[in-house]
Each structure stands twice: as structure tokens, then as C-alpha cells.
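Quick one: this structure, given as C-alpha cells, is what I'll be asking you about.
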Amino acid sequence: MLRNIKTASLRLFRGSGVLARAESSRWRQRQLLILCYHGISQHDEHHWRPRLYMAREQFDRRLQMLKHGGYAVLPLADAICRLYAKDLPPKSVVLTFDDGCRDFYSQAYPRIRAAGFPVTVYQSTYYVERQWPVFNLICSYMLWKSRSRPLPSDSDLGLGGSMEIATEDGRRRVVQHLLHIAEQQKFTGEQKNQLAGKLAALLGVDFQALVTSRILHLMNPAEIGELAGDGVDFQLHTHRHCVPAERSLFQKEIRENRRLLQEITGLSAVHFCYPGGEPQAHVLPWLAEEGVISATTCEPGLASVEDDRLLLPRFVDATPVAAIEFESWLSGIGGLISRAIRRGSRG
């Protein structure tokens, strides 16, 4: 109901010219819209995780809107410099992708390149070195593919009885159980991959076919190097996609992430994105100590000169986002509505 009301209101704003006036306003020129994407489907990932993946055709339409609307799609570093210098061009936008999955190489980047847009990838690196599918994601995906029947019991997986996987909550519980086993037994990455293989066998899923397709893999060093040579900007996302509470462990995450990216691209990464998009206040001084210039979150909003450089908001675009809502964010109105909703929820 609320979504329908919101959509109707945005259409009214568009019809009455509010969106057009907002996007051409001096206020919008002082705002930077940083768009966040995670993945563009190779197969059916957008049906499995619609808030994480987007169909290729929907992403094509997004790029067309940027192109035909005359938006100034800027490189991240340039955009941040110009934001704080109060020198942004009208309708400024930045394209960012989190994690650096292989589908960025095969699906997203060919489309972005054809559109002529710069793009930043916040690349985690553990699975770059180790070309296995990301453990929790591949387990979740295989369970979703097999959701029409209960998961049989299996002593090797610690499953004492049949478990329901028809629902998202049921599948989440199974994945959490497998993560608990891996943590409790201090599994290496290779052992976790073997555990995923055992789950596949139990489900009757061809695990080797999934591995060969490289679904839910990160890009490998050769692919990152190729794209960096073509101008793709690779930045920090931690090595293991985590934010440790201890300073020394966090420093290790950043330094290992930066070292591997520099070895591959020849460039030192100085921009950061919080894994999961959640800002972590305790790491702000640690980021500054590591020479990080900016850090983006998944807090919805347009960035302005009033924002802390290490707490920059973004808009996460995904499958459930209707075209009219995306258009409202391009104009800036979407950000104003989001801010009003957040203020209202805080009382």
C-alpha cells in the first residue's frame, strides 16, 4: 500500500514538472548522487536475491536513462574533489559496484563501457586469490534452487533431521548453521568450499557445473588487471569483506586489500566502502590513519558538502526499485523523501 502511494505521488511529481525543476535546480547541483550496485545477473540471480542482483535488461534501461537524461557521470575521485570544492556540474552522478563479482566483468562492464561511463568497483580480495564461489552465497543459492523439497538429514553436515528450505528464513537458518560449523571447526577457505560441495551433493545439485560457470565468484587477477588497464577504478572493500572491532585486525584487512589491488592494478587505492554498507563509527580514525580519502555507506541519500568524507551516503539500486523511483533519485527528490521518512521514523 505505501509503495503504491509513493509511486503514485512520484508520478504526480513528474507530471507536474516537480522532478524536472528539482534536477535542474541549484540545490541539485550541490548534491552528488552516488549509485550503488552489487551484481548484474548471469542467469537467475535477480530472482534469488532481488535486492542484491539486477536483470541485465533492467540495468540497460538504467544506463539509457543516464545517457538520454544528460547526467554528468563522473569518476569517483573527481566527483568527491568537486563536491567539496563546490564545483560539481549539474546533475552529477557516480557509478559504484560493491564486492567485484565476476558478473561485473561479464555483464555490467561491457554495458557501462558501451555507454561511455566511468565506474568504481569496491573490490574485496580474499576470493580474488582463491577462485572458489563465495561460501555463504553459493550455499544460499543452491538451497534456493532446491527449495521445492525439504533438505534431508545428513550427519556430515550436522543436520539431525529434515529441514524446511521453502522459505527465505528456513534457508537462512541452514546457511547460518553451515557458517557456524565452519567457524567452530576453523575451516580454511578450501574446506568451506568442500563443505559447499557436500551440500550440493545432498541437494542433487551439480556443484562442478556451478563452479565452471563462475557464478558467485569474484573476478580473478587477470580480469581485474584487464579492466584496470581499460580505466576501471578499483578501490578498498577490505580483504575478507569484514570490519574487525580491533584496530590491528582492521589495519590488516585494509593493508592486505590495498596490497593485492596495487599488485594487480599498479595503483594505490585510497577510497573505501564499508562491507555491507553499514557505517562503523569506531573505524573512522583508523581509516584516516590508513590514508583513506573517502568512505561510502549504503545509507540512502545524496552526498553534500555537509557530509563527513568518511560517511558518504549512496542510493542502492536493485530489482525492486521502479523506474519512477530511480528517476526521482536522479532528480534529487528521492533523497528528500528518504530523509523525511527517516526523520519521521525517529519521531
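Every number in this text was worked out from the coordinates using simple rules, so none of it is lab data. Everything numeric here is computed off the predicted structure, so don't read it as measured data. So basically every Cβ, Gly included, is an ideal-geometry build from the backbone, and we count neighbours across all protein chains shown.
Looking at the range 26-184 only, what percent of DSSP beta bridges run antiparallel? Nearest 5 please. Display every interim value, and only then the final one.
Values: 2 of 15 bridges.
That works out to approximately 15 percent antiparallel.
Identify the trypsin sites (Lys or Arg not before Pro) of the range 185-264 meeting these criteria: DSSP loop state and at most 10 other C-beta atoms within 10 Å of the C-beta.
Lys186
With a ≥ b ≥ c taken as the square roots of the eigenvalues of the C-alpha gyration tensor of the range 217-299, please select rounded if a/c is under 1.5 and otherwise prolate if a/b is larger than b/c or oblate if it is not?
Prolate, because a/c is 1.5 or more and a/b exceeds b/c.
So, one more: Mind pulling the angle between the C-alpha long axis of helix 2-15 and the longest principal axis of the chain? Nearest 10 degrees, somewhere in 0 to 90.
Taking the Cα atoms of the chain, the angle to 2-15 is about 30 degrees.
How would Leu52, Leu218 line up from fewest to most surrounding beta-carbon atoms within 10 angstrom?
By the 10 Å Cβ count, ascending, the order reads Leu52, Leu218.
Here is a further query. How would the range 10-126 be classified by its alpha-carbon gyration tensor: rounded, prolate or oblate, with rounded meaning a/c under 1.5 and the a/b versus b/c comparison settling the rest?
Judged from the Cα gyration tensor, the range 10-126 comes out oblate (a/c at least 1.5, b/c at or above a/b).
I've got another one for you. Out of all DSSP beta bridges with both ends in the chain, state the antiparallel percent to the nearest 5.
15
Trypsin sites (Lys or Arg not before Pro), restricted to the range 82-116: which are DSSP loop and have at most 13 other Cβ atoms within 10 Å?
Loop-located and lightly packed - Lys86.
Here's something else I'd like to know. Kindly identify the range 1-73 as rounded, prolate or oblate by the Cα gyration tensor criterion: order the square roots of the eigenvalues as a ≥ b ≥ c, call it rounded if a/c is under 1.5, otherwise compare a/b with b/c, prolate if a/b is larger, else oblate. Write out the running numbers ahead of the final one.
Values: a/c = 2.33, a/b = 1.47, b/c = 1.59.
Here the range 1-73 falls in the oblate category.
Where a Cα-Cα gap under 29 Å defines reach, which lysines qualify for Lys198, not counting those fewer than 8 residues away within the same chain?
Qualifying lysines at Cα under 29 Å: Lys145, Lys186.
Determine the dipole magnitude for the range 135-213: charges of +1 sit on the beta-carbon of Lys and Arg, -1 on that of Asp and Glu, nothing else is charged, the reference point is the Cα centre, and the result goes in debye to the nearest 20. Provide the component values of the computation, followed by the final result.
On the way: 9 positive and 8 negative charges, 21 e Å.
The calculated dipole for the range 135-213 is roughly 100 debye.
Let me ask another. Fewest first, what order do His46, His237 take by the number of other Cβ atoms within 10 Å?
In order of increasing Cβ crowding within 10 Å: His46, His237.
Kindly put Glu23, Glu290, Glu253 in sequence by how many other C-beta atoms sit within 10 Å of each C-beta, fewest to most.
Glu290, Glu23, Glu253
Here's a follow-up. Toward the positive end of the charge dipole of the chain, about the Cα centre and with charges on Cβ (Lys, Arg +1; Asp, Glu -1), which of Cys242, Ala77, Leu210 goes farthest?
Of Cys242, Ala77, Leu210, it is Ala77.
Using only Cα atoms, tell me the angle between helix 135-145 and the longest principal axis of the chain; keep it within 0 to 90° and round to the nearest 10.
Taking the Cα atoms of the chain, the angle to 135-145 is about 80 degrees.
Next up: Which listed residue (Tyr127, Gln194, Leu95) has the Cα farthest towards the positive end of the charge dipole for the range 93-203, taking +1 on Lys and Arg C-beta and -1 on Asp and Glu C-beta about the Cα centre?
Leu95
Residues of the range 125-139 with the amide nitrogen closer than 14 Å to a label point 7 Å from the Cα of Leu179, along Cα-to-Cβ, please.
134-139
Using alpha carbon centroids, what distance separates the range 133-200 and the range 37-101, in Å?
Between the Cα centres of the range 133-200 and the range 37-101 lies a distance of 32 Å.
For Glu299, which sequence-distant residues (separation of 5 or more, or a different chain) have an amide H within less than 5 Å of its own amide H, given hydrogens modelled in the peptide plane?
Arg314
Could you work out, for the chain, what percent of all Cα-Cα pairs fall into each 20 Å distance bin, beginning at 0 Å and stopping at the bin that holds the largest distance?
In whole percents, the pair-distance histogram is 28, 56, 15, 0.
Another question about this same structure. Among Glu306, Glu327, Glu278, which one moves the most in a GNM of the chain with springs linking Cα atoms closer than 10 Å?
In the Gaussian network model the winner is Glu306.
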